[in-house]
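**Q** Have a look at this one.
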Amino acid sequence: MSAGAGAVVALDGFGVEQGFGVLADGVRRAVGEGISVRIFGPPEELGLDGVAGVEVIPTTEWITNDDDPVSSVDTRPDASVVRAVADVAAGNSDAVVSHGSTGAAMAAATFRLKRIHGVRRPALAAQIPVPGHQVLLLDAGANSAARPQHLVQFAFLGSAFSQAVLSIERPRIALLSIGEEPAKGNDDVV
C-alpha cells in the first residue's frame, strides 16, 4: 500500500464539522495529487459527480458522536464508516479516513480489519507539526485508562511506524500525561 500517488482511500463521507463543501474541497485536492477516493456518503450533498479519480458510493446512514460506537458498528452495517472500513477489508481501497465518530472508526477497524498478531489494543496515531522534528502522538487520548502494557505496546507501534513510514532511524519515545505536576494522570501513569 502506498501513502501517496496511486493510493485508493475509502472516505467516510459523514461527520465533517464544517460540512460537505469542505470535504469535497479536500477530495479535489487529494485527487489532484494522484490519490483516488471512494466516498461513502450522499452524492447530491457532495457534488463530486464526474470528478476524475472520485467514486461516490451512495450511503445515507452514519454513526454520530452521540451513538454508542461498538453497538452501532455491530448493528448498522450500512453506516458510512462501517462500509468504508469494509471496502478496505475487501481490498477495494488501501486506507480508510473518517472525520466522524472516532470510537466508531476504531470499532469498525478492529472488527473488520482485525489487529496485527500480538497487538492487544489499537492506538490512534496523529502527527503533530513541530518545527524541525517529526512528532507522532499515539493513542491521542482515545484510551483514558490505558494499562501499562498498552502504553509499552503503543511505544513499540509508534517506533515501528516512525522507522518504516517517517524514515526516522532511531525514534525517541516519551510518555505524555495530562500535566507536569507529580500527581497528574491516572494511577498507572503516575
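**Q** Scan the stretch 131-157 and report the pairs whose first residue is free of Cβ contacts under 8 Å to residues at least 24 places away in the same chain and at positive phi and whose second residue is part of a helix (DSSP H, G or I) and buried (at least 18 other Cβ atoms within 10 Å of the Cβ), with Cβ atoms within less than 6 Å and a gap of 6+ or a chain change.
**A** Listed by first residue and then by second, the contacts come to Asp139/Phe154.
**Q** Filter the stretch 161-183 down to residues that are closer than 25 Å to Ala104 by Cα and either modelled with pLDDT of 90 or more or open to solvent by less than 50 Å² (accessible area, probe 1.4 Å) (or both), then give me how many there are.
**A** Of the residues in the stretch 161-183, 2 are closer than 25 Å to Ala104 by Cα and either modelled with pLDDT of 90 or more or open to solvent by less than 50 Å² (accessible area, probe 1.4 Å) (or both).
**Q** Here's a check for you: in the stretch 27-50, which residue that is open to solvent by 40 Å² or more (accessible area, probe 1.4 Å) and not basic (Lys, Arg) is nearest to Ala89 (Cα to Cα)?
**A** For the stretch 27-50, the residue satisfying everything is Ser36.
**Q** Same structure again: Looking at the stretch 63-88 only, could you name the residues that are of a type in the set (Asp, Glu), open to solvent by 60 Å² or more (accessible area, probe 1.4 Å) and assigned to a loop (DSSP other than H, G, I, E, B)?
**A** Asp66, Asp68, Asp78
**Q** Taking the residues in the stretch 129-140 that are outside any loop (DSSP other than H, G, I, E, B) and within 24 Å of Thr110 (Cα to Cα) as candidates, determine which candidate is most open to solvent (accessible area, probe 1.4 Å).
**A** Taking the candidates together, the pick is Leu137.
**Q** From Gly103, Gly91, grab the single residue that is of a type in the set (Gly, Ala, Ser) and assigned to a loop (DSSP other than H, G, I, E, B).
**A** Residue meeting the stated conditions: Gly91.
**Q** Do any residues in the stretch 177-190 that are farther than 21 Å from Phe154 by Cα have Cβ atoms under 7 Å from those of residues that are at pLDDT below 75 and among the small types (Gly, Ala, Ser), where the two are at least six apart or on different chains, and which pairs are they?
**A** Qualifying pairs under 7 Å: none.
The values are calculated or read from the model by the stated rules, or taken from the named source; none is laboratory data. Keep in mind that this is a model prediction, so the values were computed, not measured. Note that we place each Cβ from the backbone using ideal geometry, even for glycine, and neighbour counts take in every protein chain shown. Calculation scope for accessible area: heavy atoms of the full protein, side chains included, ligands and nucleic acids excluded. Shrake-Rupley method; radii C 1.70, N 1.55, O 1.52, S 1.80 Å.
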